[in-house]
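Novice: To start, I am sharing the structure in question, which I have written as structure tokens.
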Amino acid sequence: MRIRSLDWRLLVVFCAGSLMPVAFAPLSVFPIAVLALATLFWAWSSAGCGRAAWYGFAFGCGMFAVGVSWVYVSLHNYGNMPLPLAAFTVLIFIVLLALFPAAAGVAYGWFGQRRAGWATIVFGAAVWVLMEWMRGWVLSGFPWLSLGYSQTNSVLFGWAPVLGVYGVSLAVALSAAIATDALIAPRRAILGATVILMIWGGGWGVTLIRWVEPNGEPVGVALLQGNIGLDTKWTPSQARAIVNYYRTESEQHRDRDLVVWPESAVPMYIDKLSDGFWDALDEHPADFIFGALERRETPAGERYYNTVVSTGVGSTGVEANLYRKRHLVPFGEYLPFRNLLSWFLEYLHIPMSDFSAWDAKQEPIVAAGLRVGVSVCYEDAFVEEILKSVPDASLLVNVSEDAWFGDSLAPHQRVQMAQMRAREVGRPMLRAANTGVSVSIDHNGAIVVESPQFQRWVLTDRVQPMRGSTLFATWGNALILTLLGLMLALSIGARRLHPCRR
């Protein structure tokens, strides 16, 4: 009888986890995040440590199997990894990610969930968000599918300038835990509904606070989306034609103040670009920001960097205003544990996959008379990288190569992450992606204009730079981590004062 019950609940939570990605882009049915997590809390409510761990693990397997299915596309379709090895690698990846909700289940079971109550609600929500935060940095971090990202179309998005993405996650988790408590103990349903209304109403109320203000006049921008296939992009004979495309297309937008090309739009080393190339950009009325490759001699040998170039300070070539990528993609841009995993390279044929991370301090680059906070590809998934450039920067720019993801969920999920970054720090965000989605996002995290995918496109807009600082931009994750610590301490203290009956 116990086995049947266990199997039944495992299936339920696995299905609930599989539905969780529906809350995220591109479908963006944000209430699903509350309902799916409430289902897991319901399963946990009558489970000890072991069972709760399995429920969390099953939920995580369902959530990540659907939500990060694009990893298989990157490895197999574009990384040329053999199908069996790609499938096995993705399976291991899903299992590792599922260990975080499993760990939350262990903690929940240890807490003694035999009686519902406010301590259960507070502890459950706090431990879930704490596991999300840990997933964002352990082993270089993978913050995909943090609950807060699912709320970019809900009033809970309003909490982002105060507590960041994990604060929005906490609002979702508290709502789910309260809903579960109301199901277990209907006599508390009215009180629970009142608290949920306060949480969601508070999200709306925070939007009335003016955190930042305009910094100068709006600037005209053009984001070029070349839609150049990876097989073409990294063919040396095609490099000149690719560069000519971007230069020619840019000439059609001489009324702009800033022109942005995607990540590694120029598939060449900066020191190999001709004087004619730099002269053409210098003659254009706009400043340029574009991705390229850089090589530098160091005492340890030659190093390669995924670099962004700005022409906004008048210098060119290796003397230009540069930003080098700091947070690299494991297995895509570098090989971790190289001594142990060098065999892995035999199965991969990923071009430009031996970059070095830049570890020195970098100031915002200058372009169109502005200080611009730059990020490359999935760096904008890590709020710590964005916080390094604010409040000095009045505009954020992300350049990306989303061709690796194909027609999957990833490009849409990445746009939601960019929206969150914009709202957290109160800065507009421009995102130029080779295959799309390219977007212009205002300082409130709202998409102003976006491009279709898999088409050559030029996205134009007038963007208002901002200055000032949100509460989150000032304190970062310190506030939410302090709040989570207090919640855990209070709930554990209440448990000791009023131990649960077994």
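Novice: Please specify each residue of the range 120-164 satisfying the condition of being of a type in the set (Gly, Ala, Ser) and either part of a helix (DSSP H, G or I) or not assigned by TED's automatic domain parsing to the domain that holds Gly202 (or both).
Specialist: Those that are of a type in the set (Gly, Ala, Ser) and either part of a helix (DSSP H, G or I) or not assigned by TED's automatic domain parsing to the domain that holds Gly202 (or both): Gly124, Ala125, Ala126, Ser140, Gly148, Ser150, Gly158, Ala160, Gly164.
Novice: Continuing with this model, one more query. Do the conditions hold for Asn321, that is, is it modelled with pLDDT of 90 or more, within 22 Å of Pro364 (Cα to Cα) and not basic (Lys, Arg)?
Specialist: Working: modelled with pLDDT of 90 or more: no; within 22 Å of Pro364 (Cα to Cα): yes; not basic (Lys, Arg): yes.
Against the criterion (modelled with pLDDT of 90 or more, within 22 Å of Pro364 (Cα to Cα) and not basic (Lys, Arg)), Asn321 does not qualify.
Novice: Now for a different question. Considering the range 382-402 alone, what residues qualify as being out of contact with any strand residue (DSSP E or B) (no Cβ under 9 Å at 6 or more places or on another chain) and either within 14 Å of Asn215 (Cα to Cα) or crowded, with 21+ Cβ neighbours inside 10 Å (or both)?
Specialist: Val383
Novice: Can you find a residue that is over 30 Å from Ser274 (Cβ atoms) and not in a helix (DSSP H, G or I) anywhere in the range 218-240?
Specialist: yes
Novice: Here is a follow-up. If I go through the range 440-474 residue by residue, how many of them are within 20 Å of Gly229 (Cα to Cα), aliphatic (A, V, I, L, M) and either crowded, with 19+ Cβ neighbours inside 10 Å or within 17 Å of the chain's Cα centre (by Cα) (or both)?
Specialist: Residues meeting the conditions: 1.
Novice: Is there any pair linking a residue in the range 416-427 that is at pLDDT 95 or above and basic (Lys, Arg) to one that is buried (at least 24 other Cβ atoms within 10 Å of the Cβ) and assigned to a helix (DSSP H, G or I), with Cβ under 7 Å and at least six apart or on different chains, and which?
Specialist: Arg421/Asp380; Arg421/Ile386; Arg423/Phe157; Arg423/Ala160; Arg423/Pro161
Novice: Take the range 74-96 and flag every residue that is of a type in the set (A, V, I, L, M) and within 19 Å of Leu230 (Cβ to Cβ).
Specialist: Hits for the range 74-96 are Leu75, Met81, Leu83, Ala86.
Novice: Can I ask one more? What is the number of the single condition among (1) basic (Lys, Arg); (2) under 28 Å from Phe472 (Cβ atoms); (3) in contact with a helix residue (DSSP H, G or I) (Cβ under 8 Å, 6 or more places away or on another chain) that Arg210 does not meet?
Specialist: For Arg210, the exception is condition (3).
Novice: Does Val195 count as within 20 Å of Ile386 (Cβ to Cβ), at pLDDT 95 or above and assigned to a helix (DSSP H, G or I)?
Specialist: no
Novice: In addition: Give me the pairs: first residue in the range 134-163 and aliphatic (A, V, I, L, M), second residue outside any helix (DSSP H, G or I) and surrounded by 20 or more Cβ atoms within 10 Å (Cβ to Cβ), beta-carbon distance under 7 Å, and six or more apart or on different chains, which are they?
Specialist: Listed by first residue and then by second, the contacts come to Leu145/Phe24; Ala160/Gly445.
Residues checked against (1) over 18 Å from Asn444 (Cβ atoms); (2) surrounded by fewer than 14 Cβ atoms within 10 Å (Cβ to Cβ); (3) not assigned by TED's automatic domain parsing to the domain that holds Met20; (4) not hydrophobic (A, V, I, L, M, F, W, C):
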position: Ile190; (1), (2), (3), (4): yes, yes, no, no
position: Val195; (1), (2), (3), (4): yes, no, no, no
position: Ile199; (1), (2), (3), (4): yes, no, no, no
position: Trp234; (1), (2), (3), (4): yes, no, yes, no
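Per-residue answers, yes or no, for (1) surrounded by fewer than 23 Cβ atoms within 10 Å (Cβ to Cβ); (2) at pLDDT 95 or above; (3) out of contact with any Lys or Arg (no Cβ under 7 Å at 6 or more places or on another chain); (4) under 22 Å from Gly468 (Cα atoms):
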site	(1), (2), (3), (4)
Phe142	yes, no, no, no
Leu147	no, yes, yes, no
Trp159	no, yes, yes, yes
Ser169	no, yes, yes, no
Val172	no, yes, yes, no
Ala176	no, yes, yes, no
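Novice: Out of Val243, Val138, report the one residue that is surrounded by fewer than 24 Cβ atoms within 10 Å (Cβ to Cβ) and within 17 Å of the chain's Cα centre (by Cα). It would help to see each step written out before you state the result.
Specialist: Details: Val243 fails: within 17 Å of the chain's Cα centre (by Cα).
That would be Val138, the only listed residue that is surrounded by fewer than 24 Cβ atoms within 10 Å (Cβ to Cβ) and within 17 Å of the chain's Cα centre (by Cα).
Per-residue answers, yes or no, for (1) among the acidic types (Asp, Glu); (2) surrounded by 23 or more Cβ atoms within 10 Å (Cβ to Cβ); (3) touching a residue at least 40 places away in the same chain (Cβ under 8 Å); (4) in the same structural domain as Asp181 (by TED's automatic domain parsing):
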{"position": "Phe24", "(1), (2), (3), (4)": "no, yes, yes, yes"}
{"position": "Val29", "(1), (2), (3), (4)": "no, no, no, yes"}
{"position": "Arg51", "(1), (2), (3), (4)": "no, no, yes, yes"}
{"position": "Ala58", "(1), (2), (3), (4)": "no, yes, yes, yes"}
{"position": "Ala65", "(1), (2), (3), (4)": "no, no, yes, yes"}
{"position": "Gly79", "(1), (2), (3), (4)": "no, no, yes, yes"}
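Novice: Also: I'd like to verify a number: residues in the range 360-381 that are in contact with a helix residue (DSSP H, G or I) (Cβ under 9 Å, 6 or more places away or on another chain) and either modelled with pLDDT under 95 or not in a strand (DSSP E or B) (or both), how many?
Specialist: Count: 5.
Novice: If you check Leu91, Leu85, Leu40, which single one turns out to be surrounded by 22 or more Cβ atoms within 10 Å (Cβ to Cβ), in the same structural domain as Val165 (by TED's automatic domain parsing), aliphatic (A, V, I, L, M) and part of a helix (DSSP H, G or I)? I'd like the intermediate steps shown before the answer.
Specialist: Values: Leu91 fails: surrounded by 22 or more Cβ atoms within 10 Å (Cβ to Cβ); Leu85 fails: surrounded by 22 or more Cβ atoms within 10 Å (Cβ to Cβ).
One residue alone meets the criteria, Leu40.
Novice: Right, here's the next one. Considering Gly79, Gly48, which residue is over 23 Å from the mean Cα position of the chain (by Cα) and either hydroxyl-bearing (Ser, Thr, Tyr) or modelled with pLDDT under 90 (or both)? Break it down into steps so the answer makes sense when it comes.
Specialist: Numbers: Gly79 fails: over 23 Å from the mean Cα position of the chain (by Cα).
Within the list Gly79, Gly48, the selection yields Gly48.
Novice: Any idea which residue in the range 246-275 is surrounded by the fewest Cβ atoms within 10 Å (Cβ to Cβ), counting only those that are basic (Lys, Arg) and in a helix (DSSP H, G or I)?
Specialist: The extreme case among them is Lys272.
The values are calculated or read from the model by the stated rules, or taken from the named source; none is laboratory data. What you see is a predicted model, and the numbers here were worked out from it, not measured in a lab. In this analysis, Cβ positions are derived from the backbone assuming ideal geometry, glycine residues included, and neighbour counts consider all displayed protein chains.
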